[in-house]
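The values are calculated or read from the model by the stated rules, or taken from the named source; none is laboratory data. These figures come from a predicted structure and were not determined experimentally. With ideal geometry, Cβ positions are generated from the backbone for all residues, glycine too; neighbour counts draw on all protein chains shown.
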């Protein structure tokens, strides 16, 4: 089995585990961490392709994903803290009334 | 036997790191307390940094540890410490979507597995497996992909403005 293939399988596995975590976990912070895991899976696939093709474009996209992840956390954590201040729970089911 | 292993030591380490990263990611789904999930995610990211280092992209490995573990996860750990551990959601693990989510997960894994198992990525083209250093990356980033560079700065500014706006909204609600 090729090295790139193993890395792509790992990337797909990380992405799937992250997606499953976002769906099946109850805690908002755990869901956020699972989203980070999905971004890590994408990063790994980009690095694997960049390594295989020997081009820098993959690394540029990885850098972009780093920034997106940082910005996401910087905005998401204050929102989570505000939500918790209102209802005193991290359970996402309690915020079902936000559906409108 | 031992000589073969020693000759391919970097490949052995690569597979070991990959396995450990996957194991910590799987552990994230199972562990109950958010702090333990955060620790599992941190170990997963550190192992991925090891994978990047073994692939030869050392600056991405450094960024992975510096930005993800050093900034994002430290922020996350602080947020966990701010919150109430007696909260119901810290003790109940699964949401109501456990069974549909698990079925979807299995289907997704099957689709990905079939895609990567049957269609090989193909033999490396051109400069196969050639590593590129920080210099090549910086040149490409600042000349050819300048739009992405500008996009990162715009994203960071937007994140800062949004975080400040969230705090301002909170203050207004507190006074009113």
**OP:** Test residue B:55 against the stated conditions and say whether it is surrounded by fewer than 23 Cβ atoms within 10 Å (Cβ to Cβ) and either outside the structural domain of residue B:138 (by TED's automatic domain parsing) or over 12 Å from the mean Cα position of the chain (by Cα) (or both).
**Re:** no
Original post:
Filtering region B:125-166 down to residues that are exposed (fewer than 13 other Cβ atoms within 10 Å of the Cβ) and modelled with pLDDT under 80, which residue is nearest to residue A:51 (Cα to Cα)?
Top reply: B:128
Subject >> Test result for residue A:15, more than 7 Å from chain B (Cβ to nearest Cβ) and modelled with pLDDT of 90 or more >> reply: yes
Original post:
Of the conditions (1) closer than 23 Å to residue B:60 by Cα; (2) surrounded by 17 or more Cβ atoms within 10 Å (Cβ to Cβ); (3) at the interface with chain B (Cβ under 7 Å from one of its Cβ atoms), residue A:2 fails just one. Which one is it?
Top reply: (2)
**OP:** Just one of (1) more than 7 Å from every other protein chain (Cβ to nearest Cβ); (2) surrounded by fewer than 19 Cβ atoms within 10 Å (Cβ to Cβ) trips up residue A:54, so point out which.
**Re:** (1)
**OP:** Could you please find all residues in region A:61-75 being surrounded by 21 or more Cβ atoms within 10 Å (Cβ to Cβ) and touching a helix residue (DSSP H, G or I) at 6+ places or on another chain (Cβ under 6 Å)?
**Re:** A:62, A:66, A:69, A:73
Original post:
Are any of the residues in region B:65-86 over 22 Å from the mean Cα position of the chain (by Cα) and surrounded by 15 or more Cβ atoms within 10 Å (Cβ to Cβ)?
Top reply: yes
Subject >> Selected residue (criterion: farthest from the chain's Cα centre (by Cα)) from residues of region A:33-49 that are within 7 Å of chain B (Cβ to nearest Cβ) and under 25 Å from residue B:154 (Cβ atoms) >> reply: A:47
Original post:
Based on what the data block shows, is residue A:69 assigned to a helix (DSSP H, G or I) and at pLDDT below 90?
Top reply: no
Subject >> Yes/no for residue A:90 being closer than 22 Å to residue B:47 by Cα, surrounded by 21 or more Cβ atoms within 10 Å (Cβ to Cβ) and facing chain B (nearest Cβ under 7 Å) >> reply: no
**OP:** Could you tell me whether any residue of region A:34-49 is modelled with pLDDT of 90 or more, in contact with a strand residue (DSSP E or B) (Cβ under 7 Å, 6 or more places away or on another chain), assigned to a helix (DSSP H, G or I) and within 30 Å of residue B:164 (Cβ to Cβ)?
**Re:** yes
Original post:
Which of (1) surrounded by fewer than 20 Cβ atoms within 10 Å (Cβ to Cβ); (2) outside the structural domain of residue B:13 (by TED's automatic domain parsing); (3) touching a helix residue (DSSP H, G or I) at 6+ places or on another chain (Cβ under 8 Å) is the odd one out, the single condition residue B:99 does not satisfy?
Top reply: (3)
Original post:
Taking the stated definitions as given, is residue B:48 under 18 Å from residue A:10 (Cα atoms), in the same structural domain as residue B:18 (by TED's automatic domain parsing) and within 13 Å of the chain's Cα centre (by Cα)?
Top reply: yes
